[in-house]
1. For an R0 of 25 angstrom, estimate the FRET efficiency from the Cβ-Cβ distance between residue 233 and residue 63 and round to the nearest 0.05.
2. Given 0.36 nm per residue, what is the gain on full extension from residue 246 to residue 185 after removing their alpha carbon distance, in nm?
3. Using the basic label-point model (7 angstrom from Cα toward the beta carbon), what is the residue 120 to residue 103 distance in nanometres?
4. Please list the three semi-axes, largest first and in whole Å, of the ellipsoid equivalent to segment 56-184, using sqrt of 5 times the eigenvalues of its alpha carbon gyration tensor.
5. Between residue 266 and residue 217, what length comes free when the chain is fully extended (0.36 nm per residue of separation minus the Cα-Cα distance, one decimal in nm)?
6. Can you tell me how segment 205-280 classifies by the Cα gyration tensor, rounded, prolate or oblate, using a/c under 1.5 as the rounded cut?
7. Based on the inverse mean of 1/r over its pairs of different Cα atoms, what is the Kirkwood hydrodynamic radius of segment 111-244, in Å?
């Protein structure tokens, strides 16, 4: 049933969604409207879908701009582009200059989210791929919701979903998927990636979850720029090897480049590593 949204308490005229779906972007805005009429789906979520609800450490550690680069690479790969994707292509799709794209790509490469080869192009790393999949999953679930329940056209639904994809937690995405009956594709026919929970890779672990005696290779830095800079200054970089000396409630003591470094548990949770024995079994 197509609902009429009546917001008399907000002194807003009632409009028929079926008559004019685009007018749902009214005085309260789309997030407030969704909470008003479908709040039971997202029980426990704040009234505004802010970026703070992104409880996933990987999502929380990347900005909206960084996520846009990752999903742009993912969509090009999804569209059938083979191998490395030229930086100029990414810059054109995002409507930014090539130097700006180069700067961001080098930054994401340094954090283990992209693999960059100068003069050739980029591709997603496993960590970057997981972030891109989660954002695209959320976007296509929202687009499906907007098309099926608010009457948006497929194109309009995809455009509106772009405003929600960066501000929805994986948990909320999973609730949305359940509400929609776990659709396999969005309204534009593009596949909806599966939940990151189902796709988690047991071989790569967070440094905070390792045991004493583990020797591992750093495969991704998931923290913000200050965290990444701090770790780099301490010698903890992508491809580096570290040994876990001690663990406790306060953090993790590791040895890196013949130095012992104590990392707070919150910082250690931003370092993704591959234990040596698991690497050898790949």
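Read-outs: derived from the displayed coordinates by stated rules, not from any lab. The model shown is predicted, which means the values in this text are computed figures rather than measured ones. Backbone-built Cβ (ideal geometry, glycine too); neighbour counts: all protein chains shown.
1. On the way: r = 21 Å, r/R0 = 0.86.
According to the calculation, E is roughly 0.70.
2. Values: separation 61, 0.36 × 61 = 21.96 nm, distance 4.60 nm.
Here the answer is 17.4 nm.
3. It works out to 2.6 nm between the two label points.
4. Working: eigenvalues 152, 48, 31 Å².
Listed largest to smallest, the semi-axes of segment 56-184 are 28, 16, 12 Å.
5. Working: separation 49, 0.36 × 49 = 17.64 nm, distance 1.89 nm.
Gain in length upon complete extension: 15.7 nm.
6. On the way: a/c = 1.37, a/b = 1.15, b/c = 1.18.
It is rounded, given that a/c, with a ≥ b ≥ c, falls under 1.5.
7. On the way: mean 1/r = 0.0588 Å⁻¹.
For segment 111-244, the Kirkwood estimate is 17.0 Å.
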